[in-house]
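The values are calculated or read from the model by the stated rules, or taken from the named source; none is laboratory data. Everything numeric in this text was worked out from a predicted model, so none of it was measured. Every residue, glycine as well, gets a Cβ built from its backbone with ideal geometry; the counts of neighbours run over all protein chains shown.
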Amino acid sequence: MEVLLFGIAKDIVGESQLQFTESDKVPSSVSELKRMISETYPEFGKLTSLAVAVNSEYAEDNVPLDRNDEIAIIPPVSGG
Amino acid sequence: MEVLLFGIAKDIVGESQLQFTESDKVPSSVSELKRMISETYPEFGKLTSLAVAVNSEYAEDNVPLDRNDEIAIIPPVSGG
Amino acid sequence: MDKKVIEIVDRIDTSQVFSELSDAQSGGICVFVGTVREFTQGEEVVSLEFETYKKMAIKEMDKIASDAVEKWSLNKVIIRHAIGLKKVEEPVVVVGASSAHRDACFEACRYLIDTLKETVPIWKKEMFENKTVWVSAHP
Amino acid sequence: MDKKVIEIVDRIDTSQVFSELSDAQSGGICVFVGTVREFTQGEEVVSLEFETYKKMAIKEMDKIASDAVEKWSLNKVIIRHAIGLKKVEEPVVVVGASSAHRDACFEACRYLIDTLKETVPIWKKEMFENKTVWVSAHP
């Protein structure tokens, strides 16, 4: 499973994508993904907000993740 | 004394200026001017509002008029 | 460019207005353009004709601009009105404000057009197929 | 032209926006342009850099535009955002609405920019002389 990273999320991880390759460590829901990245990279816990997009739509915590989904971490937006 | 006319005021009078030539009929204040033109041209009484400018500033009813002033009838404005 | 641009013109060019309002201290620019609409209250408008008492109109527009600059700490402001015959879709008025933050330029821009319509001696005649009407003249 | 213009571009040209929003049924066009301001909280900004998740950003911008068209019966609407490096005074975003009356285009324009800032996945990095900051990232 691949997770796209943007803005400060990319800086925190140091990559533009996260790879979940071992099947026992692939997050099964939005909330599990958020928990896993915040454990591995505590800097995520300091952000104003943290959202996840599934197939380029904002996804609630209970949304399940499939390895064919396009998944992205959405740190606090600041366009305009 | 000359009084400039614009918009519908010009249409009502049929001229772009009013002339007050006989000294006994020259209005001495804004209110007198308004009364005189409304008597001569009753159409002024039907307008939404009627203002007078003295030296290109809105003037209250009690402002005196001098023959050297630049005087104008300001019918309801509708710019924009 | 001066902080205030106050003009009565024969024809409005909208292409330069954001350049005119550009300022290094501004994060937001809000501009309103009033245009000739084809229908008013269901009747087809052929054209509009604008007339002004120019000397007084410039004075009144300048007061509005100065009040807005002071109230909203604007970096730049524009009030530009066209006169003469205007056809459907043509711009007749442009007002704009440039400020550090967007609240100020939105509020100022709204103030500029609302106050212009109330106080500036400009008169609009609507030309329909079979009649002409001085707008707002009668209740 | 389509009723909605939704774009992410490298460089914004403000000179055509009023032509793009022009419509025979519109009496008012309101446009907001966001530009790079030289100082933020007293510190001198050298430049801004914008990055986006383009596919999702276009979707979110389209939702905002569609909601505004419906709510305010707009004749035309534009949301155009720039990405990449932007220097002081450069435009970074243009939003605009074209409607029969001015209330609608003012309210819609404000809604477009406010909602864009809340939901559209675009990120802004402020570059100062000695540091860079992702705007709004931290409380």
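Kindly indicate whether D:Glu20 is modelled with pLDDT of 95 or more and away from chain C (no Cβ under 14 Å). Talk me through it step by step, then tell me what you get.
Working: modelled with pLDDT of 95 or more: yes; away from chain C (no Cβ under 14 Å): no.
In short, no.
Quick check on my filter: what residues within segment D:58-74 are within 12 Å of chain A (Cβ to nearest Cβ) and among the β-branched types (Val, Ile, Thr)? Give the derivation first.
So in segment D:58-74, the residues within 12 Å of chain A (Cβ to nearest Cβ) come out as D:58-64.
D:Ile58, D:Ile64 - these are the residues of segment D:58-74 that are within 12 Å of chain A (Cβ to nearest Cβ) and among the β-branched types (Val, Ile, Thr).
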Answer residue from segment B:44-76, given it is assigned to a loop (DSSP other than H, G, I, E, B), without any contact (Cβ under 8 Å) to a residue 24 or more places away in the chain and within 11 Å of another protein chain (Cβ to nearest Cβ) and is surrounded by the fewest Cβ atoms within 10 Å (Cβ to Cβ) among those:
B:Asn55
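Return the residues of segment D:105-125 that are assigned to a helix (DSSP H, G or I), among the hydrophobic types (A, V, I, L, M, F, W, C) and within 15 Å of D:Ile58 (Cβ to Cβ); say none if nothing qualifies.
At the first step, the residues of segment D:105-125 found to be assigned to a helix (DSSP H, G or I) are D:105-119.
With among the hydrophobic types (A, V, I, L, M, F, W, C) added as a condition, the list becomes D:105-106, D:108-109, D:112-113, D:116.
D:Leu112, D:Leu116 - these are the residues of segment D:105-125 that are assigned to a helix (DSSP H, G or I), among the hydrophobic types (A, V, I, L, M, F, W, C) and within 15 Å of D:Ile58 (Cβ to Cβ).
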Matching residues in segment C:32-62 (of a type in the set (D, E, K, R), within 19 Å of the chain's Cα centre (by Cα) and outside any helix (DSSP H, G or I)) number 4
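Of the residues that sit in segment D:47-69 and are aliphatic (A, V, I, L, M) and touching a Lys or Arg at 6+ places or on another chain (Cβ under 8 Å), which one is farthest from A:Gly79 (Cα to Cα)?
Taking segment D:47-69 as the starting set, the residues that turn out to be aliphatic (A, V, I, L, M) are D:48, D:56-58, D:61, D:64-65, D:68-69.
Subset that is touching a Lys or Arg at 6+ places or on another chain (Cβ under 8 Å): D:48, D:65, D:69.
Values: D:Leu48: 11, D:Ala65: 16, D:Val69: 21 Å.
Restricting to residues being aliphatic (A, V, I, L, M) and touching a Lys or Arg at 6+ places or on another chain (Cβ under 8 Å), the top hit is D:Val69.
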Could you tell me how many of the residues in segment A:1-25 are surrounded by 15 or more Cβ atoms within 10 Å (Cβ to Cβ), assigned to a loop (DSSP other than H, G, I, E, B), touching a Leu at 6+ places or on another chain (Cβ under 8 Å) and more than 14 Å from chain D (Cβ to nearest Cβ)?
1
Does any residue of segment C:59-68 turn out to be buried (at least 21 other Cβ atoms within 10 Å of the Cβ), modelled with pLDDT of 95 or more and more than 30 Å from D:Ile12 (Cβ to Cβ)?
yes
Within segment B:26-43, the residues that are out of contact with any strand residue (DSSP E or B) (no Cβ under 8 Å at 6 or more places or on another chain) and not in a helix (DSSP H, G or I) are B:Val26, B:Pro27, B:Tyr41
State yes or no: is D:Val135 in contact with a Lys or Arg (Cβ under 7 Å, 6 or more places away or on another chain), within 17 Å of A:Ala9 (Cβ to Cβ) and either at the interface with chain A (Cβ under 9 Å from one of its Cβ atoms) or among the aromatic types (Phe, Trp, Tyr) (or both)?
yes
Residues of segment D:97-125 classified as surrounded by fewer than 19 Cβ atoms within 10 Å (Cβ to Cβ) and more than 14 Å from the chain's Cα centre (by Cα), total:
3
Here is a list: B:Gly7, B:Gly79. Which entry is closer than 25 Å to C:Leu116 by Cα and free of Cβ contacts under 8 Å to residues at least 24 places away in the same chain?
B:Gly79
Can you pull out the residues in segment C:4-35 that are among the aliphatic types (A, V, I, L, M) and surrounded by fewer than 23 Cβ atoms within 10 Å (Cβ to Cβ)?
C:Val5, C:Ile6, C:Ile8, C:Val9, C:Ile12, C:Ala24
Among D:Ile8, D:Ile29, D:Ile12, which is the only one that is at the interface with chain C (Cβ under 8 Å from one of its Cβ atoms), of a type in the set (A, V, I, L, M) and either within 18 Å of the chain's Cα centre (by Cα) or more than 19 Å from D:Leu74 (Cα to Cα) (or both)?
D:Ile29
Residues of segment B:28-43 satisfying the condition of being more than 10 Å from the chain's Cα centre (by Cα) and either away from chain C (no Cβ under 14 Å) or surrounded by 14 or more Cβ atoms within 10 Å (Cβ to Cβ) (or both):
B:Ser28, B:Ser29, B:Glu39, B:Thr40, B:Tyr41, B:Glu43
Residue under evaluation C:Asp23, criteria (1) in a strand (DSSP E or B); (2) over 27 Å from B:Ala53 (Cα atoms), criterion not met
(1)
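Would you please name the residue that is nearest to B:Ala72 (Cα to Cα), looking only at residues in segment C:108-117 that are touching a strand residue (DSSP E or B) at 6+ places or on another chain (Cβ under 8 Å) and more than 7 Å from every other protein chain (Cβ to nearest Cβ)? Even if it seems obvious, please write down each step before you answer.
Going through segment C:108-117, the residues touching a strand residue (DSSP E or B) at 6+ places or on another chain (Cβ under 8 Å) turn out to be C:108-110, C:112-113, C:116.
Next cut, more than 7 Å from every other protein chain (Cβ to nearest Cβ) only: C:108-109, C:112.
On the way: C:Ala108: 30, C:Cys109: 29, C:Leu112: 24 Å.
So, considering only residues that are touching a strand residue (DSSP E or B) at 6+ places or on another chain (Cβ under 8 Å) and more than 7 Å from every other protein chain (Cβ to nearest Cβ), the one nearest to B:Ala72 (Cα to Cα) is C:Leu112.
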Kindly establish whether C:Ala65 is touching a residue at least 40 places away in the same chain (Cβ under 8 Å), part of a helix (DSSP H, G or I), more than 20 Å from D:Ile113 (Cβ to Cβ) and among the small types (Gly, Ala, Ser).
yes
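Run down D:Val77, D:Val94, D:Val88 and say which single residue is among the β-branched types (Val, Ile, Thr), surrounded by fewer than 21 Cβ atoms within 10 Å (Cβ to Cβ) and more than 10 Å from chain A (Cβ to nearest Cβ).
On the way: D:Val77 fails: surrounded by fewer than 21 Cβ atoms within 10 Å (Cβ to Cβ); D:Val94 fails: surrounded by fewer than 21 Cβ atoms within 10 Å (Cβ to Cβ).
Going through D:Val77, D:Val94, D:Val88 in turn, just one is among the β-branched types (Val, Ile, Thr), surrounded by fewer than 21 Cβ atoms within 10 Å (Cβ to Cβ) and more than 10 Å from chain A (Cβ to nearest Cβ): D:Val88.
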Among the candidates C:Val95, C:Val120, single out the residue that is at pLDDT 95 or above and closer than 24 Å to B:Ile73 by Cα.
C:Val120
Assess whether B:Gly14 counts as being without any contact (Cβ under 8 Å) to a residue 40 or more places away in the chain, out of contact with any Lys or Arg (no Cβ under 7 Å at 6 or more places or on another chain) and at positive phi.
yes
